[in-house]
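For reference, the structure discussed in these notes is given below.
The values are calculated or read from the model by the stated rules, or taken from the named source; none is laboratory data. Remember, predicted model here, so these are calculated numbers, not experimental data. Cβ placement follows ideal geometry from the backbone for every residue including glycine, while neighbour counts extend to all protein chains displayed. Note: accessible area is taken over every heavy atom of the protein model, side chains too, but ligands, DNA and RNA are not part of it. Shrake-Rupley method; radii C 1.70, N 1.55, O 1.52, S 1.80 Å.
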Amino acid sequence: AAEFQDLARSLNHMAGRFRADIHELQRMQRVQNEFIGNVSHEVKNPIFAVFGYLEALASESLPAEQRKRYAQKGLANLQRLNTLFSDLIEIAKLEYREDQIRPTAFDLQDLIGEIGEMLDPKAEAKGLELTYDNDALWVEADRNRIRQVLTNLIDNAIAYSDEGTVKCRMRRHLDKARVEVVDTGRGIPEDHLDRIFERFYRVDAARSRKEGGTGLGLAIVKQILEAHGSTIHVESTKGRGTRFWFELPLAETAGGDGAVTQAKT
Ligand code: ADP
């Protein structure tokens, strides 16, 4: 009888694990279905809009002013589709190809200079002050991917701030480089904080779309940093601002401390 009890216990244990596996598979299936649903929803609207504007342009004799407006709206929707597809391709690549991360040693200060050139005009147009405060730091990471991480974070900080400052700060912290993007914008309500890294999750979808957001930016940031063995952190207070930060390994240099002078020897 004891043997049967043992057998029953192991069978019960196996059944429990099996149930857990099935639940996990069902959960993954649900996430996948939701993702496909979201993609088709996001794609449909701009495609229908482009159809609408092109049809109007082709069939009606519109005043020049209106033609111009329709053409511009059509183009804006195409631009939206283009951004959406680049983001989707990025996510797929990161998910299915392990060789996507190619670490090299590079100077973070250089990189932030490049990003600033691209984003300064956007901050200026919104009357925001965009400042950089950084130590000269060499890190070992995939430069293009880290460019994308920083671009997405700073772009969001600008998009979700109506006034104040956006600061990008880089400091050596123990044996790592710590990178922070801090804004004094609208902030993120606490109950949304752990969901903003999900694909297509937005606190305010209308605002995000107005800013040209796809809802994929932070999902990409998280995936890129995880592929580097790093993590993205966030702190935020609604109405006061948000701080995102992450760490990267310092480059192996002559002095081993990531400082520019050592890196050049
Ligand atoms: P989106 O394309 O909508 O910006 P993201 O994945 O980049 O998508 O961000 C997800 C959501 O997180 C945004 O829609 C916004 O609600 C919120 N968010 C991201 N960054 C910030 C920020 N710096 N301040 C306030 N809210 C933010």
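Below, the figures for the structure above:
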{"read-out": "Condition check for ASP142: in contact with a Pro (Cβ under 7 Å, 6 or more places away or on another chain), charged (D, E, K, R) and surrounded by 14 or more Cβ atoms within 10 Å (Cβ to Cβ)", "value": "yes"}
{"read-out": "Yes/no for LYS176 being touching a Phe, Trp or Tyr at 6+ places or on another chain (Cβ under 9 Å) and either without any contact (Cβ under 8 Å) to a residue 24 or more places away in the chain or open to solvent by 60 Å² or more (accessible area, probe 1.4 Å) (or both)", "value": "no"}
{"read-out": "Single residue of region 201-226 satisfying the filter (out of contact with any strand residue (DSSP E or B) (no Cβ under 8 Å at 6 or more places or on another chain), hydrophobic (A, V, I, L, M, F, W, C) and more than 8 Å from the ligand (Cβ to nearest atom)) that is least open to solvent (accessible area, probe 1.4 Å)", "value": "ILE224"}
{"read-out": "Residues that are within 12 Å of the ligand (Cβ to nearest atom) and either within 15 Å of THR237 (Cβ to Cβ) or not acidic (Asp, Glu) (or both), drawn from region 191-200", "value": "HIS192, LEU193, ARG195, ILE196, PHE197, ARG199, PHE200"}
{"read-out": "Residue match in region 85-107 (condition: on the phi < 0 side of the Ramachandran plot, open to solvent by less than 80 Å² (accessible area, probe 1.4 Å), of a type in the set (Ser, Thr, Tyr) and without any contact (Cβ under 8 Å) to a residue 24 or more places away in the chain)", "value": "yes"}
{"read-out": "Pick from region 128-160, criterion touching a Lys or Arg at 6+ places or on another chain (Cβ under 7 Å) and within 12 Å of the ligand (Cβ to nearest atom), ranking: nearest to PRO249 (Cα to Cα)", "value": "ILE158"}
{"read-out": "Members of region 227-243 that are open to solvent by 40 Å² or more (accessible area, probe 1.4 Å), more than 17 Å from PRO103 (Cα to Cα) and part of a loop (DSSP other than H, G, I, E, B)", "value": "LYS238, GLY239, ARG240"}
{"read-out": "Residue count, region 111-133 (criterion: part of a helix (DSSP H, G or I), touching a residue at least 12 places away in the same chain (Cβ under 8 Å) and among the acidic types (Asp, Glu))", "value": "1"}
{"read-out": "Every pair of residues 6+ apart whose Cβ atoms lie under 7 Å, when the first sits in region 148-160 and is open to solvent by 10 Å² or more (accessible area, probe 1.4 Å) while the second is more than 11 Å from the ligand (Cβ to nearest atom) and of a type in the set (Lys, Arg)", "value": "none"}
{"read-out": "Subset tally (residues that are more than 14 Å from the chain's Cα centre (by Cα) and either within 9 Å of the ligand (Cβ to nearest atom) or hydroxyl-bearing (Ser, Thr, Tyr) (or both)) for region 161-181", "value": "3"}
{"read-out": "Residues that are open to solvent by less than 20 Å² (accessible area, probe 1.4 Å) and over 19 Å from the mean Cα position of the chain (by Cα), drawn from region 109-132", "value": "LEU128"}
